[in-house]
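Engineer: Got a structure for you, written out below as structure tokens; questions coming shortly.
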Amino acid sequence: MLVYHLPGTFDTREAHLDLLWEAGATGLEERAGLIRAYFDDRTDLPAPIQDGEWRQEADQDWLAEFKANLRPVTAGRVTIVPPWLTAEVPAGQVPLIIEPGMAFGTGHHATTRMAVEALSALKLDGRTVLDVGTGSGVLAIAAALLGSGAALGVDIDPLTIPIARENAEINGVPHGRAVFEEGTLGSDLPEHHAPEGTFDVLVANLYAELHDLLAGEYAAHLIPGGPLVLTGILTSKLPLVDAALEREGFTDVQVRQDGEWALVTANA
Ligand code: SAM
């Protein structure tokens, strides 16, 4: 990999960036006070950008590096791991295998971790669970592995559904215990999974504005007293979610935080 190291930043060298592109750079990156310009071949550069240095650097396999750096994630009674790290799950923990791929939800985001933690603190035995915005399926699969009855994961992004189904299979979740369908709350929620349209537990890792919009639907799809677990909420947006839950009559609202992210639990 051929890289031209040019002292400066995108700000201080703004006028020179076009010269790099015109000289044939295939990519520009700013790192530690240097502009790194990637080239396929060494080339003559115009005077304003001749104060840099050509370097031949080892090729980097970003995907291999990303995978090598993945560590198991502990979330309550569950440890989330990629398939090649299952041997690292501590004894007594429930292993949850997620193939890092196209869908959000490898467990490495604070919101996913807090949601799995919150699920693992609930008594799920035999209870039905609705996971809104399922992504990789991680939360519905966690619920199934923690002993829930039927868990339904829905997502408006059709690409996530086969990924979530595959993750359920990798985890050996028995057929029907974690089901995934394209959809969202409201009229198009797959009817056959909840004949009354209500679930014992509802979990959603979305974002504050959407929780505000969907709060009425959350109440309509939960049994009375059923636990609600919401995350994807920036701490600065907590008042919006608090107000929505109060408006819809939820009780026992509790908040957990991890950095800038919050998780809210409440009862219908
Ligand atoms: N549940 C996973 C987790 O906790 O890691 C993934 C959460 S990811 C932050 C949010 C997911 O919600 C995305 O897969 C997105 O496609 C989906 N989504 C966004 N808006 C939605 C909506 N209105 N109804 C259902 N799913 C939605």
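The values are calculated or read from the model by the stated rules, or taken from the named source; none is laboratory data. Source: prediction; values computed, not measured. Here the Cβ is made from the backbone with ideal geometry for all residues, glycine too, and neighbour counts use every protein chain on show. These accessible areas exclude ligands, DNA and RNA; they are computed on the full protein's heavy atoms, side chains included. Shrake-Rupley method; radii C 1.70, N 1.55, O 1.52, S 1.80 Å.
Engineer: Can you pull the accessible area of Glu166 for me, 1.4 Å probe, Å² to the nearest 10?
Structural biologist: Result for Glu166: roughly 110 Å² accessible.
Engineer: Can you give the calculated 222 nm mean residue ellipticity of the chain, where each DSSP H run of n ≥ 4 adds -39,500 (n - 2.57) and the sum is split over every residue, rounded to the nearest 500 deg cm²/dmol? Can you show the working numbers first?
Structural biologist: Working: 7 runs with 70 residues, N = 268.
Rounded to the nearest 500, the figure is -7500 deg cm²/dmol.
Engineer: Can you figure out the FRET efficiency of Ala64 with Ile223, using R₀ = 30 Å and their beta-carbon distance, to the nearest 0.05? Mind dumping the intermediate values first?
Structural biologist: On the way: r = 47 Å, r/R0 = 1.56.
The calculated FRET efficiency here is 0.05.
Engineer: Nearest 20 debye, what's the magnitude of the dipole of region 1-101 about its Cα centre given +1 on Lys and Arg Cβ and -1 on Asp and Glu Cβ? Before the final figure, lay out each step's value.
Structural biologist: On the way: 8 positive and 17 negative charges, 145 e Å.
With Lys and Arg at +1 and Asp and Glu at -1, about 700 debye.
Engineer: Name the residue, out of His175, His16, His108, whose mean-square fluctuation peaks in a Gaussian network model built on the chain with Cα pairs under 10 Å.
Structural biologist: Between His175, His16, His108, it is His16 that shows the largest mean-square fluctuation.
Engineer: Continuing with the same structure: For region 140-256, take the convex hull of the Cα atoms, compute a quarter of its surface area, and give me that in nm², please.
Structural biologist: Working: hull surface 30.1 nm².
One quarter of the hull surface, i.e. the mean projection, equals 7.5 nm².
Engineer: Now a separate question. For Val229, enumerate residues with amide H under 5 Å from its amide H, sequence gap 5+ or separate chain, H modeled in the peptide plane.
Structural biologist: Close amide H contacts, sequence-distant or interchain: Leu202, Val203, Ala204.
Engineer: Moving on. Mean separation of Cα pairs under 8 Å and 6+ residues apart, divided by the residue count of region 2-59: what relative contact order is that in percent? If you can, show how the numbers build up before the last one.
Structural biologist: Working: 89 pairs, mean separation 29.4, N = 58.
RCO, region 2-59: 51 percent.
Engineer: Using alpha carbon coordinates only, what is the Rg to Rh ratio of region 92-160, with Rh defined as the Kirkwood radius? If you can, show how the numbers build up before the last one.
Structural biologist: On the way: Rg = 11.5 Å, Rh = 12.2 Å.
That ratio equals 0.94.
Engineer: Please sort by residue number the trypsin sites (Lys or Arg not before Pro) in region 83-164 whose DSSP state is loop and whose Cβ has at most 16 other Cβ atoms within 10 Å. Don't jump to the answer; show the numbers that get you there.
Structural biologist: On the way: sites: Arg113, Lys123, Arg127; in loops: Lys123, Arg127.
For trypsin sites (Lys or Arg not before Pro) across region 83-164 that sit outside H, G, I, E and B with at most 16 neighbouring Cβ atoms in 10 Å, the list reads Lys123.
Engineer: Which percent of the accessible area of the chain is formed by carbon and sulfur heavy atoms (probe 1.4 angstrom)?
Structural biologist: Details: 6930 of 13040 Å².
Its accessible area is 53 percent carbon and sulfur atoms.
Engineer: Right, another one. Over the chain, calculate the relative contact order: mean separation of alpha carbon pairs under 8 Å at least 6 apart, over the residue count, as a percent.
Structural biologist: Dividing the mean separation by the residue count of the chain yields 12 percent.
Engineer: Another one. Please give the per residue accessible area of the chain, computed with a probe of 1.4 Å over protein heavy atoms only, in Å². Walk me through the numbers before you get to the answer.
Structural biologist: Values: 13040 Å² over 268 residues.
Ligands and nucleic acids excluded, the figure is 49 Å² per residue.
Engineer: A follow-up question, please. Which translational diffusion coefficient, to the nearest whole µm²/s, is obtained for region 2-59 from the Stokes-Einstein equation, given a Kirkwood hydrodynamic radius over C-alpha pairs, 37 °C and 0.692 mPa s? Present the calculation step by step, with values, prior to reporting the outcome.
Structural biologist: On the way: Rh = 11.2 Å.
The diffusion coefficient I find is 293 µm²/s.
Engineer: Next question. Mind listing P(r) for the chain? All alpha-carbon pairs, 10 Å bins, whole percents.
Structural biologist: 7, 26, 25, 15, 14, 10, 3, 0
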